[in-house]
Amino acid sequence: MNENATIYLAIGCEESRPVIEQMLKSLNHKVPVVTDSGMRLIHASAEKKPDLLISGIHLSDMAGIDALIECGKVDPVPSIIISNTAEYDKVRKAMEDHVMAFLTEPVAMADLKPAIFLVQKRFEQFEELRKENAELKMALETRKWVERAKGIIMKSKDVDEETAFRELRRMANDRRAKMLDVAKVIVEGAELLES
């Protein structure tokens, strides 16, 4: 967790923006982007990903929620939205995406520090789950190709499943390649021969 986070801040309210910026700086965070513009927030995030985004609901050129969602489309960024209680339905929409906390106006230092901590912690967990999910998808993908390749080897060499698997592993080792890549070559080659 980053106690000296780089935070981009987008707040539409002229009076609130410098107050929240000062609170963040007093918590030892870096705040290189302070704006009232959603597009500025999006462009800054695309240029250099921050550790955290904080936005108000209303910005000068767009809704803050839409700006946060756009910022995280390619590569999710932990985010906090600041709203008043009357706009809870809009906040709930954002919470379905990667916005992980919301604060109500006026923002108090006593709420800001734990919200940042919570968001960073939840985002770490989110990233860990994303990584595990990607690894599981890759394992399933590999298994699917390996099973098909084993079937082709079993049929062409008239061997049992275990022998076919050992043969596939040997081919991968000999070529210093991943088993998935060798399995794909075998399956695609067999499909090419059939057509």
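The values are calculated or read from the model by the stated rules, or taken from the named source; none is laboratory data. If you're wondering where the values come from, they're calculated on a predicted model, not measured in any experiment. No Cβ is skipped: glycine too gets one built from the backbone with ideal geometry, and neighbour counts run over all protein chains shown.
Details
- Of all residues assigned to region 142-162, at least one qualifies as being modelled with pLDDT of 90 or more, surrounded by 12 or more Cβ atoms within 10 Å (Cβ to Cβ) and assigned to a loop (DSSP other than H, G, I, E, B).
- Selection of region 93-114 for residues being under 19 Å from the mean Cα position of the chain (by Cα) and either part of a helix (DSSP H, G or I) or at pLDDT 85 or above (or both) yields Lys93, Ala94, Met95.
Results for (1) more than 20 Å from Gln120 (Cα to Cα); (2) of a type outside the set (D, E, K, R); (3) modelled with pLDDT under 95; (4) out of contact with any strand residue (DSSP E or B) (no Cβ under 7 Å at 6 or more places or on another chain), shown as yes or no for each residue.
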residue	(1), (2), (3), (4)
Glu3	no, no, yes, yes
Ala10	no, yes, no, no
Glu14	yes, no, yes, yes
Arg17	yes, no, yes, no
Lys30	no, no, no, no
Thr35	yes, yes, no, no
Met39	yes, yes, no, yes
Gly64	no, yes, yes, no
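- For region 170-187, filtered to residues that are surrounded by 15 or more Cβ atoms within 10 Å (Cβ to Cβ) and among the small types (Gly, Ala, Ser), the residue that is farthest from Lys150 (Cα to Cα) is Ala172.
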